[in-house]
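Q: Let me give you the structure first, and then I'll get to my questions.
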Amino acid sequence: MLKTLAVANYRSINKLVIPLQRLNLITGPNGSGKSNLYKALRLLAETAQGGVVNALASEGGLESTFWAGPEQISRRMSRGEVAIQGGPRKTAKRLQLGFAGEDFGYSIGLGLPDSSGHFMLPGHSTPIPSRFTLDPRIKRESIWSGPVYRPASVLVDRQGPMVRAREGRQWEVLAQHTSSGDSLFDQVGNLRSSPEVLHLREQIRGWRFYDHFRTDSQAPARRPQLGTRTPVLHHDGRDLAAALQTIIEVGDQQALRETISDAFPGSRLEIDAVPGGLFGVQFYQDGLLRSLSAAELSDGTLRYLLLVAALLTPRPPTLMVLNEPETSLHPDLLPALARLIIRASQQCQVWVVSHASRLIAALQQDPQCNAIVLEKNFGQTEIVGQGMLDEPAWHWPD
Ligand SMILES: Nc1ncnc2c1ncn2[C@@H]1O[C@H](COP(=O)(O)OP(=O)(O)OP(=O)(O)O)[C@@H](O)[C@H]1O
Ligand SMILES: [Mg+2]
């Protein structure tokens, strides 16, 4: 389970250290930084898939994702005695992302190339000149044991192209020419002697994100699909019928039945397999003479079924992230959705970003719910009520 998430210099997040529990609820007004925090978590996940550099490019490049405010907002600036202004930077400009659980922590720092524009490529022992001067470079990565970084607890450390692992009291150099676009996790093959890298990579790869399922008429979830056993719903919901059938066969069938009738009293669900192996959802509603297929369901009903399939997964991930799951659901459905989310949080760590007051109120009924309210203060995302003392311990390696 993640205990701490730390983000620095990413969009509206100048510096943020968040304590996490089993069920985490992120709320706050428009523009407070909820989506930015969600995106930061996604970027961390991309690191373990080998895609952090491309993910940053698709967001408009590293430079545009840097916090656009001053490095420090001084007391005099915050009291309005002087204008908000930037001075000369005290530290190098880095986007930093990190997390820690009880056993291990990980952090990554990304920056722009130095002014020479040279770039380290695999197979080259010296940097080569490059025109890709906007490519983010991974400057530093560390894996440490325990919840907080300390130089003495570092297990694997990457500085620029050099990766080292601690061997007792010595450091062993594992790689000297790591490409500045590759993370530690891309090097697992070369880092056999460091099981922590593999362990953390598998942990991060297990994170599951669900963000705005499509429900338009062409949405993947509306089309029948070839049915293969599906313990994990695809993030676009294309295998909805197979995922629901998998829950019926090997998951909690009773919970599935209950959650459907909790949300739509008098309704039930069946999956039919047509010749050719295609699976389709059949939804039986009170008052209708025949069932409705996924193509005929309302947006809200379909989205609810997608959330049900995601949350009742027979193979819970280490972390499940739901971004604004309330979209297009009627407020009356939200208490049922909250019960489903609370139930899932008993199987895996859950992170929910939400605006919907009924969902928020219903989730907060759970005493385990860690409600984090964001606000923007001088353009910076902050946690409402978090004083210096409430902030979990966190140190960046740099
Ligand atoms: N590079 C940047 N530096 C500073 N602030 C930024 C940067 N990029 C975006 N922002 C700010 O981040 C805010 C957007 O945050 P975000 O999209 O996370 O809001 P949100 O809480 O998800 O809001 P909503 O409820 O409307 O979805 C905007 O106010 C925008 O001004
Ligand atoms: Mg948002």
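Q: Determine, yes or no, whether Gly80 is near ligand 1 (Cβ under 10 Å from one of its atoms) and more than 15 Å from the chain's Cα centre (by Cα).
A: No: the conditions fail for Gly80.
Q: From the list Asp286, Asp236, Asp272, Asp216, which residue is out of contact with any strand residue (DSSP E or B) (no Cβ under 7 Å at 6 or more places or on another chain) and at pLDDT below 95?
A: Asp286
Q: Which of the residues that make up segment 348-387 are surrounded by fewer than 17 Cβ atoms within 10 Å (Cβ to Cβ) and over 23 Å from Asn14 (Cα atoms)?
A: Scanning segment 348-387 gives Ser357, Ala361, Gln364, Gln365, Pro367, Gln368.
Q: Please go through segment 77-95 and give me each residue that is surrounded by 12 or more Cβ atoms within 10 Å (Cβ to Cβ) and touching a Pro at 6+ places or on another chain (Cβ under 9 Å), ordered by number.
A: Selection gives Met77, Ile84, Leu95.
Q: Take the conditions farther than 26 Å from Ala371 by Cα, away from ligand 2 (no atom under 16 Å from the Cβ) and without any contact (Cβ under 8 Å) to a residue 24 or more places away in the chain and apply them to Arg94. Does it pass?
A: no
Q: Considering segment 364-398 alone, what residues qualify as being among the acidic types (Asp, Glu) and within 16 Å of ligand 1 (Cβ to nearest atom)?
A: Passing the criteria: Glu375, Glu382.
Q: Is there a residue being touching a Leu at 6+ places or on another chain (Cβ under 7 Å), surrounded by fewer than 19 Cβ atoms within 10 Å (Cβ to Cβ) and outside the structural domain of Glu326 (by TED's automatic domain parsing) anywhere in segment 36-55?
A: Checked against the condition, which is being touching a Leu at 6+ places or on another chain (Cβ under 7 Å), surrounded by fewer than 19 Cβ atoms within 10 Å (Cβ to Cβ) and outside the structural domain of Glu326 (by TED's automatic domain parsing), segment 36-55 yields at least one hit.
Q: Still on this structure: For a quick check of your reading: which helices (runs of 4 or more DSSP H) sit entirely within segment 11-91 and have at least 1 residues that are of a type in the set (S, T, N, Q), within 14 Å of ligand 2 (Cβ to nearest atom) and farther than 21 Å from Leu134 by Cα?
A: Once the helices (runs of 4 or more DSSP H) in segment 11-91 are filtered for at least 1 residues that are of a type in the set (S, T, N, Q), within 14 Å of ligand 2 (Cβ to nearest atom) and farther than 21 Å from Leu134 by Cα, what remains is 34-49.
Q: Let me ask something else. Give me a count of the residues in segment 340-362 that are away from ligand 1 (no atom under 16 Å from the Cβ), farther than 25 Å from Glu102 by Cα and in contact with a Leu (Cβ under 8 Å, 6 or more places away or on another chain).
A: Summing the residues that are away from ligand 1 (no atom under 16 Å from the Cβ), farther than 25 Å from Glu102 by Cα and in contact with a Leu (Cβ under 8 Å, 6 or more places away or on another chain) in segment 340-362 gives 3.
Q: State which residue pairs qualify: first residue assigned by TED's automatic domain parsing to the domain that holds Gln347 and closer than 15 Å to Asn323 by Cα and inside segment 22-34, second residue in a loop (DSSP other than H, G, I, E, B) and near ligand 1 (Cβ under 7 Å from one of its atoms) in any location, beta carbons under 9 Å apart, and separation of 6 or more residues or different chains.
A: Note: no pairs meet the criteria.
Q: Would it be correct to say that Asp390 is buried (at least 17 other Cβ atoms within 10 Å of the Cβ) and assigned to a loop (DSSP other than H, G, I, E, B)?
A: No: the conditions fail for Asp390.
The values are calculated or read from the model by the stated rules, or taken from the named source; none is laboratory data. Remember, it's a predicted structure, so these values are computed and weren't measured experimentally. For neighbour counting, all protein chains shown are included, and Cβ atoms are generated from backbone atoms with ideal geometry for every residue, glycine included.
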